[in-house]
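A.B. asks: Quick one: the structure is below, and I'll ask about it shortly.
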Amino acid sequence: MGSRLQVVDRVPVSLTNKRTDTEWPRSLTHPELVSLGWKPQSINEFIVKVHSRCNLSCDYCYVYELGDSSWMSQPASMTPEVAQAVAERIGEHAQRHGLTSVSIILHGGEPLLLGSRRLATLLQIFTDELEPVTTPVFGMQTNGLLLTDEVLQVLDRFDVEFGISLDGGGAANDRHRRRRNGAGTYDVVSKRIVAVQESEYAPLLRGLLAIVDLENDPIETYEDLRSFRPMQLNFLLPHGNWTTPPPGKDPESDATPYGDWFIALFDHWFNSERDEPKVGMFDEMIRMFYGEESRSELVGSCSIRLLTIETNGAYELVDTMKSAYDGAAATNMNVFLNGVDDLLVQPSVAARQLGATGLSAGCRACPVVETCGGGYFPHRYRAGTGFLNPSVYCTDLFKLVDHVGAVLANLPSGE
Ligand code: SF4
């Protein structure tokens, strides 16, 4: 879950790069996992793919445009029968592990392609099945195009908080976030955001999510997004890895284009005297600087307690793994045959719950590892060794973490 400097800069996708069990972590044995201190932990966040197609054709999309083609074999939408089985499996897991709440994030493709009526049907199934055993906390990530009044009423009825993907102002957003016919989406999405913000449904909109594009000036991008008065802004690094590097990133070079981009943004945001929205990555870094644990898998080395469930009921790892290679997120298990606990012993799930002991030797010896955490798991991939590597963004992350730490350390006491 990258932005492209130009379409001609795009790295060719290799669909021959199939899953191999000789790569880490699929190569891990249970004795090895135990020796690394592995203890299975329950799953408390489920990304549920309720629609597997999209009404956009963004050129950096990890589902459709990068290393994985599994969406082609998925049914377009989740049926009530599959949703019932999904809800039963999540409920069973929550009850077994005494989870008082579980997070259910509706995702796609574009989840709102379901339409308001089918969306309500699925949410009702999840609610009916889960409420007797746990509290379902619903969320959704959408491109915003289909946020109609009917949809908002449904989201409000089930208290579904949501984020909208928008990469910046018109030019910045429409460079990548386009319809299939090439038309930009900024005009429609920006109107939808304003309409939500001016409506009674405004509290449901939790924030905006942008993919970083080095062609966009960080401060201009931030100010364009800030003009929508979001509670939170999240800036994500474009997906890429050592084998298929992100746009504008030469992993063999010491250049830190993404680190520099984020540092400019951090300084602008941190030194502002206005009331600024939260910025997800910076908030996490600041929390960790003051001794708290990371709540995000983007930075820090927290245990990952998240699974994805596809429209046909197949369990997958976090679906951004699809940016690495064809089948990288697959588990070969599904809700009709397997409970969630069956997943916990899979090496690829277990490895993501190892925290710092599941990092490469280079990361474990790194002075900023506590805050960086080796970077986002999918960005560590290298064909041949798998995911036991520092992030392809290593130099950028080091520079950013070091900078944020220095700024915070130099604050006058009491601030
Ligand atoms: S900066 Fe690089 S070596 Fe250090 S923890 Fe992050 S990815 Fe690993």
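A.B. asks: Scanning the range 249-289 for residues that are among the β-branched types (Val, Ile, Thr) and open to solvent by less than 30 Å² (accessible area, probe 1.4 Å), which turns out nearest to SER227 (Cα to Cα)? Give the steps one after another, and end with the answer.
C.D. replies: Of the range 249-289, the ones among the β-branched types (Val, Ile, Thr) are 256, 263, 279, 286.
Applying the additional criterion that residues be open to solvent by less than 30 Å² (accessible area, probe 1.4 Å) yields 256, 263, 279.
Values: THR256: 28, ILE263: 21, VAL279: 14 Å.
The qualifying residue nearest to SER227 (Cα to Cα) is VAL279.
A.B. asks: Go through the range 92-123 and give me each residue that's touching a Lys or Arg at 6+ places or on another chain (Cβ under 9 Å) and farther than 19 Å from LEU56 by Cβ. Even if it seems obvious, please write down each step before you answer.
C.D. replies: As a first pass, look at the range 92-123 and keep what is touching a Lys or Arg at 6+ places or on another chain (Cβ under 9 Å): 106-111, 113, 120, 123.
Those that are touching a Lys or Arg at 6+ places or on another chain (Cβ under 9 Å) and farther than 19 Å from LEU56 by Cβ: ALA120, LEU123.
A.B. asks: Scan the range 317-327 and tell me whether some residue there is open to solvent by 10 Å² or more (accessible area, probe 1.4 Å), modelled with pLDDT under 95 and within 16 Å of the ligand (Cβ to nearest atom).
C.D. replies: no
A.B. asks: Oh, and also: Can you pull out the residues in the range 372-406 that are within 19 Å of VAL318 (Cβ to Cβ), open to solvent by 10 Å² or more (accessible area, probe 1.4 Å) and either of a type in the set (S, T, N, Q) or over 19 Å from the mean Cα position of the chain (by Cα) (or both)?
C.D. replies: ARG382, LEU388, ASN389
A.B. asks: How many residues, within the range 123-153, are of a type outside the set (S, T, N, Q) and under 18 Å from LEU204 (Cβ atoms)?
C.D. replies: Residues in the range 123-153 being of a type outside the set (S, T, N, Q) and under 18 Å from LEU204 (Cβ atoms): 15 in total.
A.B. asks: Out of the residues in the range 60-81 that are modelled with pLDDT under 95 and in a helix (DSSP H, G or I), which is surrounded by the fewest Cβ atoms within 10 Å (Cβ to Cβ)?
C.D. replies: Once the filter is applied, the top-ranked residue is MET72.
A.B. asks: Check whether at least one residue in the range 372-386 is within 14 Å of the ligand (Cβ to nearest atom), at pLDDT 95 or above, out of contact with any helix residue (DSSP H, G or I) (no Cβ under 7 Å at 6 or more places or on another chain) and assigned to a strand (DSSP E or B), and report yes or no.
C.D. replies: Yes, the range 372-386 has at least one match.
A.B. asks: Where residues in the range 361-371 are assigned to a loop (DSSP other than H, G, I, E, B) and more than 6 Å from the ligand (Cβ to nearest atom), which of them is surrounded by the most Cβ atoms within 10 Å (Cβ to Cβ)?
C.D. replies: At the first step, the residues of the range 361-371 found to be assigned to a loop (DSSP other than H, G, I, E, B) are 365-368.
If we keep only those that are more than 6 Å from the ligand (Cβ to nearest atom) as well, we get 365, 367.
On the way: ALA365: 9, PRO367: 11.
Per the criteria, the residue is PRO367.
A.B. asks: Have a look at LEU298, LEU236, LEU306 and point out the one that is of a type in the set (A, V, I, L, M) and open to solvent by 30 Å² or more (accessible area, probe 1.4 Å).
C.D. replies: After applying the criteria, what remains is LEU298.
A.B. asks: Quick one: which residue in LEU307, LEU298, LEU337, LEU343 is under 23 Å from LEU359 (Cα atoms) and over 19 Å from the mean Cα position of the chain (by Cα)?
C.D. replies: On inspection, the qualifying residue turns out to be LEU343.
The values are calculated or read from the model by the stated rules, or taken from the named source; none is laboratory data. The model shown is predicted, which means the values in this text are computed figures rather than measured ones. Ideal geometry is used to build each Cβ from the backbone, glycine not excepted, and the neighbour counts take in all protein chains shown. We work out accessible area using only protein heavy atoms, side chains counted, and drop any ligands, DNA or RNA first. Shrake-Rupley method; radii C 1.70, N 1.55, O 1.52, S 1.80 Å.
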